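The values are calculated or read from the model by the stated rules, or taken from the named source; none is laboratory data. This structure is a prediction, so every number in the text was calculated from the model and none was measured. A quick note on method: Cβ atoms are made from the backbone with ideal geometry, for glycine too, and the neighbour counts reach across all protein chains shown.
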Amino acid sequence: MTAYLLKRIITLLPVLLGVTILVFGIMQLTPGDPVRVLLGEMGQGASEEQLQTVRSNLGLDQPLHQQYWTFLSGVVRGDLGRSFRSNRLVAQELWVRFPYTLVLAITSLAAAVSIGLPVGIVSALKQNTKIDYAITFLALLGVSIPVFWLSLLLMMGLSYYWPVLPASGSGTWRHLVMPAMAIGLSSIAFIARMTRSSMLDVLGEDYIRTARAKGLRSRVVVIRHGLRNAAIPIVTTIGLQFGSLLGGAVLTETIFAWPGIGRLTVQAILARDLPVIQGSILFVAVLFTLINLMVDLLYAVLNPRIRYE
Amino acid sequence: MNAKGQSPGTRAWRRFWHSKVAITGFVLLAVVLFLSLAAPWIAPHEPNAQNWFRRLEGPSMEYPFGTDEFGRCVLSRVLYGGRVSLLSGLLPVLFGASIGTTLGVWSGYAGGKVDSLIMRSMDVLLSLPSIFLALAIVGTLGPGWRNAVLAVSVVSIPAYARIVRSKTLSLREMEYVEAARAIGASEVRILRRYILPNTMSPIIVQSSLSIGFAILSLAGLSFLGLGVQPPTSDWGEMLSSGRRFLPDSWWLQVFPGLFIMFVVLGANLMGDGLRDALDPKGKPTG
């Protein structure tokens, strides 16, 4: 297991290095002079000489590979630079916002698993009945609804017409409910769809028939013999959902003014705060990669064959 | 099993048209596409005509979807906006599929260093949640429809590259490919005649599923103000500008949103139907 873990971690390194190149690369594509972006309106009247001073202070007059090297060594030491807007350390900024995103992701994922999993199992057990059709249709609807639209509809319903929840902000659990519902719905749908299809693959197997034939209770057959064997694709879906909830709650966080990483990124983009954009892309990439690694490791636990390949 | 001796293509075609799911999806997409294309003839008003005296009116006979803050007809704007939204859904799929397929075939066929380089680059693109990557690209390139379409296209590439690569790897070892090589067929001919046609069905399925993703992503980017810029409008932008008039002017939210949902639902239904129809293990229908 340790050998497998090490092997997986080593294959991650080039990918993470690639991410730093990607981030550095897109920043080079940014139109306009970054120094002017940094100075904003103050920069309008600046002389070329003054601009040159700022440029050399920031190391922007160095050759490209030198700049990348400075950038990379900063990243490795956890130094992501300072925000153009607030002048605070980007790493600190991210660290303050991260717990909000994490709480939102965990809440909605927990809700999504506890609803999506049983619903998917029921749908598979009742294949081709009205219940199955209804669940399948609702799940498809769930993956087709635009999240930001759902967020607005929820807000309209639960904060204005029937005012039970606060429309935006953070602080209490009541602020958490609507954003979690909005982003959780599509996760419920994804998990239910995947559970249904992988349970269907398994339920037709001989060992299920054997288990039933020897008189085991239905619940035992479905859970111990069915679900356990159907687990790998379901676990993958859950893991991927968690990853995308952490980085993909951009729209929901913006609408509900939830102070997480997604909202930070959008604000940085609208303000052209390049270091913060750069920092949050790197942060989310590392996070997403680590979660995918954990999913991979979980596979190896669930299916010992993978370890020996 | 295959009593009538149907070709796989014919069988898939028949299965597709026998599936209620697939037909529902197809009809939904076709209706919305027709409505948008026919906008100049069926829209009740000019989409940009302002009427200062009829601002923020609810749905009526004259304005079936109501009017916005400038007194513009929401129905007409939804119909015209559909042209932008649908095009935004199709272009990234077209770009993503063609670039992704090329990379995938190249990677799978060349193997070795080229393969590792291409696939590791795809891993890098996949190391961010897709909407986040799209956001990052538009964020650095600057807002605008072209950059948004470019961003969503880039995001769609890796899925195709991976699917096509794995298909190519298995096809490369097929006996008929070996036979073709033995009789002296050129590499280009082998790729064109034997490899590419056999990668088509997963590409078709992936494309129809990514239409939904592309439309949702572009609507999302427009909603954040990073996609189409006024005066051009799409459904995402309509939702965004209508947000200020919540909760009273609900019609500004409900109708554009419903159209997005119908299109995405249609594309997903069609994708599910296509996947079943093109599955070689699937049951043949009469």
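Quick notes on this structure:
- Residue list for the range B:218-236, restricted to those being farther than 11 Å from B:Ile260 by Cα and part of a helix (DSSP H, G or I): B:Leu221, B:Ser222, B:Phe223
- Residue in the range B:37-58 that is among the aliphatic types (A, V, I, L, M), touching a residue at least 40 places away in the same chain (Cβ under 8 Å), more than 30 Å from B:Val205 (Cβ to Cβ) and in a loop (DSSP other than H, G, I, E, B) present: yes
- A:Val284 farther than 30 Å from A:Val23 by Cβ and either crowded, with 18+ Cβ neighbours inside 10 Å or at pLDDT below 85 (or both): no
- Helices (runs of 4 or more DSSP H) fully within the range A:1-102 counting 2 or more residues that are buried (at least 16 other Cβ atoms within 10 Å of the Cβ) and within 14 Å of chain B (Cβ to nearest Cβ): A:2-29, A:34-39
- Filter result for A:Ile188 (of a type in the set (Val, Ile, Thr), part of a helix (DSSP H, G or I) and under 16 Å from A:Trp149 (Cα atoms)): no
- Of the residues screened, A:Gly247 is one that is closer than 28 Å to A:Leu165 by Cβ, within 12 Å of chain B (Cβ to nearest Cβ) and assigned to a helix (DSSP H, G or I).
- Enumeration of residues in the range A:163-188 that are within 11 Å of chain B (Cβ to nearest Cβ) and either among the acidic types (Asp, Glu) or over 16 Å from the mean Cα position of the chain (by Cα) (or both): A:Pro163, A:Ala167
- If the condition is being more than 8 Å from chain A (Cβ to nearest Cβ) and not β-branched (Val, Ile, Thr), then the range B:142-151 contributes B:Pro143, B:Gly144, B:Trp145, B:Arg146, B:Asn147, B:Ala148, B:Leu150, B:Ala151.
Table: residues versus (1) more than 30 Å from A:Leu297 (Cα to Cα); (2) at pLDDT below 85; (3) over 24 Å from the mean Cα position of the chain (by Cα); (4) of a type in the set (Ser, Thr, Tyr).
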| site | (1), (2), (3), (4) |
| --- | --- |
| A:Leu16 | no, no, no, no |
| A:Val37 | yes, yes, yes, no |
| A:Leu51 | yes, yes, yes, no |
| A:Trp69 | yes, no, yes, no |
| A:Leu89 | yes, no, no, no |
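- Yes/no for B:Gly212 being closer than 25 Å to B:Ile137 by Cβ, at the interface with another protein chain (Cβ under 10 Å from one of its Cβ atoms) and assigned to a helix (DSSP H, G or I): yes
- Here is the figure for the range B:230-258: residues that are facing another protein chain (nearest Cβ under 10 Å) and closer than 25 Å to B:Ala30 by Cβ total 7.
- Residue satisfying condition, being in contact (Cβ under 8 Å) with a residue 60 or more places away in the chain and either among the aromatic types (Phe, Trp, Tyr) or out of contact with any Gly (no Cβ under 6 Å at 6 or more places or on another chain) (or both), within set A:Arg272, A:Arg217: A:Arg272
- Selection status of A:Ala230, modelled with pLDDT of 85 or more, in contact with a His (Cβ under 8 Å, 6 or more places away or on another chain) and among the hydrophobic types (A, V, I, L, M, F, W, C): no
- When the range B:117-141 is limited to residues that are more than 22 Å from A:Pro31 (Cβ to Cβ) and not in a helix (DSSP H, G or I), the one that is farthest from the other protein chains (Cβ to nearest Cβ) turns out to be B:Leu126.
- Filtering A:Gly262, A:Gly279 for residues that are touching an Asp or Glu at 6+ places or on another chain (Cβ under 7 Å), at pLDDT 90 or above, within 20 Å of B:Leu125 (Cβ to Cβ) and crowded, with 24+ Cβ neighbours inside 10 Å leaves a single hit, A:Gly262.
- A:Val286 vs. criteria within 26 Å of A:His175 (Cβ to Cβ) and either polar (S, T, N, Q) or within 13 Å of another protein chain (Cβ to nearest Cβ) (or both): no
Residue-by-condition table, conditions (1) in a helix (DSSP H, G or I); (2) charged (D, E, K, R); (3) over 20 Å from A:Leu203 (Cβ atoms):
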| residue | (1), (2), (3) |
| --- | --- |
| A:Ala105 | yes, no, yes |
| A:Ser108 | yes, no, yes |
| A:Leu117 | yes, no, no |
| A:Ile121 | yes, no, no |
| A:Thr136 | yes, no, no |
| A:Leu153 | yes, no, yes |
| A:Gly157 | yes, no, yes |
| A:Ser170 | no, no, yes |
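- Sole exception among (1) surrounded by 23 or more Cβ atoms within 10 Å (Cβ to Cβ); (2) within 15 Å of the chain's Cα centre (by Cα); (3) of a type outside the set (Phe, Trp, Tyr); (4) within 11 Å of another protein chain (Cβ to nearest Cβ) for B:Leu274, by number: (4)
- Pair list, Cβ < 7 Å and 6+ apart or interchain, from the range B:93-104 residues that are in contact (Cβ under 8 Å) with a residue 40 or more places away in the chain to residues that are among the aromatic types (Phe, Trp, Tyr): B:Gly96/B:Tyr160; B:Ala97/B:Tyr160; B:Gly100/B:Tyr160; B:Thr101/B:Tyr160; B:Gly104/B:Tyr160
- Condition met for A:Gly169 (under 30 Å from A:Phe148 (Cα atoms) and at pLDDT below 85): yes
- Pairs linking a residue in the range B:133-151 that is free of Cβ contacts under 8 Å to residues at least 12 places away in the same chain to a residue that is not in a helix (DSSP H, G or I), with Cβ atoms under 6 Å and 6 or more positions apart or on different chains, are B:Thr140/A:Thr30; B:Gly142/A:Pro31.
- Residue among B:Val263, B:Val177, B:Val188 that is hydrophobic (A, V, I, L, M, F, W, C), away from chain A (no Cβ under 14 Å) and touching a helix residue (DSSP H, G or I) at 6+ places or on another chain (Cβ under 6 Å): B:Val177
- Some residue of the range B:16-31 being over 23 Å from A:Phe137 (Cα atoms) and of a type in the set (S, T, N, Q): no
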